[in-house]
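Step one of this worksheet: look at the structure below.
The values are calculated or read from the model by the stated rules, or taken from the named source; none is laboratory data. Source: prediction; values computed, not measured. All Cβ positions, glycine included, derive from the backbone under ideal geometry; neighbour counts span all protein chains shown. Remember, those area values only see protein heavy atoms, side chains included, never the ligands or the DNA or RNA. Shrake-Rupley method; radii C 1.70, N 1.55, O 1.52, S 1.80 Å.
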Amino acid sequence: MSDLVRIKRALISVSDKTDLVPFAKRLAAHGVQIISTGGTAKTLEQAGVVVMSIDQVTQFPEMMGGRLKTLHPRVHGGLLALRDNAEHVRSMNEHGIEAIDLVCVNLYPFEKTIAQPGVSDEHAIENIDIGGPSMIRSAAKNHRFVAVVTDPSQYDFVCRDIDDHQGATTLDLRRRLANSAFARTAAYDAAIAAWMRQREFGGPSGGRFPDILAPRYNRVPYQLRYGENPHQNGAVYADPNWDEANIVRARQLHGIPLSFCNLYDADGALELVKEIDSSRHAGAAVIKHANPCGFAVASDLPTAFQKAYEGDPVAAFGGIIALNRPVDLVTAEKITAVKHKLDVILAPSFDADALKLLQDRWKNTRLLAVGPLPDPARRTTEMALKQIAGGLLAQDKDLAPFDPTEWKHVAGPAPSDATLADLRLAAIAVKHLKSNAVCLVKDQMLIGAGAGQMDRLASCRLAVEKAGHRIQGAAAASDAFFPFRDGPDILIKAGVKSIVQPGGSVKDADTIAACNEAGITMLFTGRRHFRH
């Protein structure tokens, strides 16, 4: 038996009417009878498409403000009936049910509705589609006989398949459409569940996590050559509800396609410069293998970039550059003057002359415009998720503020304003280094970092080695407490003059004594920032 199913009747009911009329006309050209509802029927009729209204099929009027129109046996029977099952066919004949061979439904715009500022609960709830998902699921379940179209992007290839097969659809097409259909209804329900969760509990940051987590991500058309390594396949998915600047939705203005590692590192770079209030300071970061090797702030962007790059120019080779202000020509001149190739440069935007200079300097370097950056003091109800074998770990996103006025001065001289500024920058930088992490900052510039070590002593030694002769008078930060005084002793001996750390070790008294003995300022933040 052929897997072709001729399209005789199609039910079309859409909220998004993009390309609706051309699609319906292409179906009608094959002699397809079109059934439709409400506004969709009106749009088609005005365009000259002959339409049968849904109440002619159901012999029942639309009612309750459109809430009830397609939930009827003559609709779902026409979608669910197995055409090669004699009992099903008898039931259809007995109850006047005619087969529906294609359903085209896109759902009430719930996601767009809840994205509107100040939307009421009542308005959001009215945009929860019931009949649409029901028809989609019925058609998708019976894809052996029914084609289900859920997005205008599918219209063209569906019509091509129908054209190529003289008014029929192939089983391969129907399977493909059914897969997309179930993914769409799952994503739709996930969006509703997420809104309900936030509405009821105030989001995960309120300390409440749902019993069932149903995140939604849509694949985006990045063509990754491979994953982290050439033997791994890779893809990119977007969170449709993420509304602040991010790498997934960045506009690529130049360069070769982004890789898996490019995207991961660029995300780390962007999240770091988001910590700097661009209205007060220019900020720049250089990332390698998910760790900052350069990070600085200044009164202007060219200086911030220069200081960040000079933090570790060797490690900056092939690095990811992130900037928290639009790139102007002077900044672009600073960037293009460096010796090494850069893999990615990202910023809120690029001035036209700056963009041309960067494009001319590097053929392959990716230039990403991410849009305006959020206020560092923002709060969000989004969860941070980490995948592990067999499940997910969920937590609040770490957006705790860095406020030196809340820190406790526990050893050595009282810090000057300049020292506090360096300690604050060090505390920000160390949060974005892989734990165990220790870093060194001097004159608002990261000069050394030890990251991803199994013990904090090794992190101290690496940070000191990276800083070299620049370490004299530097500020140090640790992402967690020092369990013993040996770590601070290494830093003090090398020339560090101030240290900031969470505190909380049973050996804090020993570390405080080490700093007091050497006249070193130390502050406790009371807050750890592990990053695994």
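Think of each Lys and Arg Cβ as +1 and each Asp and Glu Cβ as -1; about the Cα centre, that makes the dipole of segment 311-394 roughly 200 debye. Over segment 189-347, accessible surface divided per residue gives 48 Å², non-protein components excluded, 1.4 Å probe. Listed values for segment 388-395 are Karplus-derived 3J(HN,Hα) couplings in whole Hz (6.51 cos²θ - 1.76 cosθ + 1.60, θ = phi - 60°), namely 10, 4, x, x, 10, 9, 10, 7, and x replaces Gly and Pro.
Near residue 234, the amide H atoms lying under 5 Å from its own belong to 227; only residues 5 or more places off or on other chains count, and H is placed 1.01 Å from N. Ligands, DNA and RNA left out, the 1.4 Å accessible surface of segment 347-410 is 51% carbon and sulfur atoms. Our note on the geometry: Cα centres of segment 126-146 and segment 303-324, 52 Å apart. How far is the Cα center of segment 147-170 from the Cα center of segment 455-501, in Å? One Cα centre to the other: 64 Å. For the chain, with only Lys/Arg (+1) and Asp/Glu (-1) charged at the beta-carbon, what is the dipole magnitude about the Cα centre, in debye rounded to 20? So the magnitude is around 740 debye. log₁₀ I(q)/I(0) of the chain at q = 0.12 Å⁻¹, via Debye over equal Cα point scatterers, no solvent, to two decimals? So the normalised log intensities work out to -1.09.
Segment 461-519 has equivalent-ellipsoid semi-axes of 19, 12, 9 Å, by the square roots of 5 times the alpha carbon gyration tensor eigenvalues, sorted largest first.
Relative to its Kirkwood radius, the Cα radius of gyration of segment 82-221 gives an Rg/Rh of 1.07.
Once you have the Cα-Cα distance between residue 472 and residue 212, take 0.36 nm times their residue separation minus that, and quote the gain in nm to one decimal.
Full-extension gain reported as 88.3 nm.
On the beta carbon distance between residue 351 and residue 89, with R0 = 56 Å, the FRET formula returns roughly 0.25.
Full extension from residue 175 to residue 317: what is 0.36 nm times the residue separation minus their Cα-Cα distance, to one decimal in nm? Before the final figure, lay out the partial values.
Numbers: separation 142, 0.36 × 142 = 51.12 nm, distance 4.71 nm.
Length gained between residue 175 and residue 317: 46.4 nm.
Farthest towards the positive end of the charge dipole of the chain, among the residues 502, 107, 491, is the Cα of 491, using unit charges on the Cβ of Lys, Arg, Asp and Glu.
Rounded to the nearest whole Hz, the Karplus-based 3J(HN,Hα) values (6.51 cos²θ - 1.76 cosθ + 1.60, θ = phi - 60°) of segment 304-321 follow the sequence 4, 4, 4, 5, 5, 5, 6, x, 7, x, 5, 5, 5, 4, x, x, 9, 9, with x at glycine and proline. Each of 369, 335, 400 was scored by the projection of its Cα onto the charge dipole of segment 330-408, and the greatest displacement toward the positive side belongs to 335; charges sit on the C-beta of Lys, Arg, Asp and Glu. A cut-off of 5 Å between modelled amide H atoms, ignoring neighbours fewer than 5 places along the same chain, links residue 368 with 253, 345, 346, 347.
Ranked from highest to lowest mean number of other Cβ atoms within 10 Å per residue, what is the order of the peptides 104-111, 320-327? Walk me through the intermediate numbers first.
Numbers: 104-111: 21.6, 320-327: 25.9.
Packing order, densest peptide first, comes out as 320-327, 104-111.
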